[in-house]
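Heads up, the thing below is written out as structure tokens.
Just so you know, all these numbers are worked out from the coordinates, no wet-lab data involved. Here the structure is a predicted model, which means the values were calculated and not measured. Neighbour counts run over all protein chains shown; Cβ positions are idealised from the backbone, glycine included.
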Amino acid sequence: MADDNYGSDNTNDPTIDFGDEFGVVRFGSDDDSGPALSFGGNETEQLPHWTEPATGEIPRFMKQDTEAARRPAAEVDDETDVWSAYNEPSTGARRPPVDLTGGSRRFETTTPPPVERPRREGRIVIGTDPTGETRRPVAPRDASGAQVRPTQVTRAGRPAQGGRPGQRAGGTGSISRPPTGGRDLPTATAVGALMLAAFIGALLLSPAVVMVIVLAAIGLAAFEFFTQITQAGYRPISIIGIVGCVAAPAVAYWKGDSAIPLVLMFAFVATSLVFVSGDSVESGPVPNSAATMIALMWIGLMGSYAGLILRWSTLGDAFQHRGTDTLFIIVAGVVANDIAAYFVGTAIGRQPLREWISPKKSVEGVIGGTIGTFVIVVLVGMQSTTWNSFGSWILLALVISVMAPLGDLTESMFKRNLDIKDFGTLLSGHGGALDRFDSMLFVLPAVYYLGMVITPWA
């Protein structure tokens, strides 16, 4: 059977016939006279059998490449120096090339130059300034080297920080101002003497002349108020406010106290009509209407009691000095209160009256002003035929001593809120008209109703 499967007796025949199903299969030759393994066209020695012990020799193709790497660069031609691009950068030694095929095919490798990307415009780089300048503004400094804080600018018609127009950042009047000197006493004394002389001269002429001076003072005070409050960011109706402030004392002198509410009503209606006809709520109807009405109540309404007091002198020949005498005592008492409070507070003032409003006003100053008021009221009252009793003098001095400091504090509070020193500069040494007559505005209504109650001339 073996013979049938393997053909003839020739054992060296490498073919086997499997019949019709598989056909003839030819096996490789058993001749091993040639080399067992060959790499390409290189002539190499036959590799030893795997069962033989290792000789420790380097294969020929690796040995040739290693020797080529050890030779100087001048002795290596371009065909041999394939791996020259992979030299060690630090030592300069050439890395040994590796030829895995043994053939002549080689891979040329080069290192591409680095590509620089252009910097994008508008890119922010930390630590650099694209403009070449420092963007942060340098705060100005004074002579001592301290930084000077800039004054806050309030946008017109819009609330400043804190939600209310006219209020400065950091609270009421928190922006520091450079210190100013005290009152210019020689100038203030001279201006005060001129005003007093003009007032006395008007009293000697007629109540109507005095009323003209009163209207001029009230009109100037209203103008100063609306000017300052507009600069603080409010937008009141200044024309209506000034006209209403002047009209209130005028009609009070002409028609009496029943005409004052009519003036205030018309002023409020006119103010409301202006804001109703506006484009939007951005006009600020509530704060700006309130600012307008503050002036009408403070300057117009309270100032109108000067007209009511002077009206007493127009009721008949028997009352011709009632109004003028009362107004003269009021002026004398208020001036005495202010002067005495100033000198006493400057000399011995230690306890602030309301420090957040005016640090310079002290309790000692108020006491000194009260004493001065009592002295002057009694001395002037002794020369009067209207206020002719000691009791009336004491009551009159008491009313002035209470209401005059209150009016002064109120005006100082408004100035602190608006961050201004004075409402005006019309009167040298005194500020504006409103700065001079602020205390009198509070005294006039109180004295009017005091006279109506006690009727000292009866």
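Odds and ends about this structure:
- Picking from residues in region 289-336 that are charged (D, E, K, R) and under 20 Å from Ile400 (Cβ atoms), the one that is surrounded by the most Cβ atoms within 10 Å (Cβ to Cβ) is Arg322.
- Checking Phe343 against (1) farther than 19 Å from Gly192 by Cα; (2) under 42 Å from the mean Cα position of the chain (by Cα); (3) without any contact (Cβ under 8 Å) to a residue 40 or more places away in the chain, the condition it does not meet: (1)
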